[in-house]
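Every read-out reported here was derived from the displayed coordinates using simple, explicitly stated rules and does not represent laboratory data. Since the structure is predicted, the reported quantities are computational estimates derived from the model, not experimental observations. Here the Cβ positions follow ideal geometry from the backbone for every residue, glycine too, while neighbour counts run over all protein chains shown.
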Amino acid sequence: GAVVSQHPSWVICKSGTSVKIECRSLDFQATTMFWYRQFPKQSLMLMATSNEGSKATYEQGVEKDKFLINHASLTLSTLTVTSAHPEDSSFYICSASGGRASREQYFGPGTRLTVT
Amino acid sequence: QQQVKQSPQSLIVQKGGISIINCAYENTAFDYFPWYQQFPGKGPALLIAIRPDVSEKKEGRFTISFNKSAKQFSLHIMDSQPGDSATYFCAARSQGNLIFGKGTKLSVKP
C-alpha cells in the first residue's frame, strides 16, 4: 500500500515551453502533497506543500508563478514548470501523505526534466 | 535551526561489514526521524524511522540509534551487501515538513 506514481518519468522540452508533471496517490487519499527538487548528487529541497483544495505554500526562493502547483483532488497533484529554462533541468520528486499513510510521506519515483 | 547535518558524505564498506551513517540536528521541535534509501534515477524510499521517545529501533539488518540529549541519530547497516549500495538520506520532521540531510553515498564492495 501507499504507492505514489509520477508521470512522465522523464521529459525533454525546449526552452520557453511549459511542462506538466503529474503526481498520483494510487491507493490512498493524499490530503497533503509535497514537491521536491533534486540536483545531481545533492539532497532533496522542498519546493512547496499543497493541501487538497487549497493554494500551495511555497518555500522561500521558489517562484510560485513559475512553478504552478494544483492539488484539485485527493489523489492528484500537478506541477507545471512555465517558460522553462535550462537551469530548470532537474529531478522533480513528489510525495504524498494522508489517509492510511497518515503523516508519513510516501515518495514518487521522480521525473527527470531536461530543458534544451 | 532547521538544518540536519549528515556524515560522512561517502562511505566504502566491504561486504559483510557494518555501515554507519550519522546525523545531528538542532531543532528540538523535530518529532520524527526517518531514513531514506535512494537508488540512481529513483525516488527515495523509506527505510526505517524512529520517534524521539525511543533510543533504538531495529528492522532486519537496519538499526537506528537515537540520542536525544546529544541531538544525534545514526543508521547502522549490519552485514552490508552490494545491493545496499545507494545514497542514504536522514531526515527530521517539523510541523509535517521533512528536512533532509545532504546524503551519504554508500558503496559496498564484494
For the stretch B:44-90: span of alpha carbons on each principal axis (Å, largest first): 34, 20, 16
Viscosity 1.567 mPa s, temperature 4 °C, Stokes-Einstein D of the protein assembly as shown from Kirkwood C-alpha radius, µm²/s: 72
For the stretch B:65-104, the spread of Cα positions along each principal axis, largest first, Å: 36, 22, 15
Cα-projected label distance for residue A:83 with residue A:18, points at 7 Å along beta-carbon direction, nm: 1.2
Net charge of Cβ neighbours under 14 Å - reference residue A:111; Lys, Arg +1; Asp, Glu -1: +3
Inter-label distance for residue B:97 and residue B:65, nm, one decimal - labels placed 7 Å from Cα along Cα-to-Cβ: 3.2
Relative intensity, log₁₀ I(q)/I(0), of chain B from a Debye sum that treats every alpha carbon as a point, q = 0.20 Å⁻¹: -1.01
3J(HN,Hα) from dihedral phi, the stretch B:58-63, Karplus parametrisation 6.51/-1.76/1.60, rounded to Hz, x for glycine, proline: 10, 9, x, 7, 9, 9
Distance histogram for the stretch A:51-104 (every C-alpha pair counted, 5 angstrom bins, percent rounded to whole numbers): 4, 16, 24, 26, 16, 9, 4, 1
Alpha-carbon Debye profile of chain A, log10 I(q)/I(0) at 0.10, 0.19, 0.20 Å⁻¹: -0.26, -0.93, -1.03
Assigned charges on the beta-carbon of Lys, Arg, Asp, Glu; chain A dipole about Cα centre (debye): 100
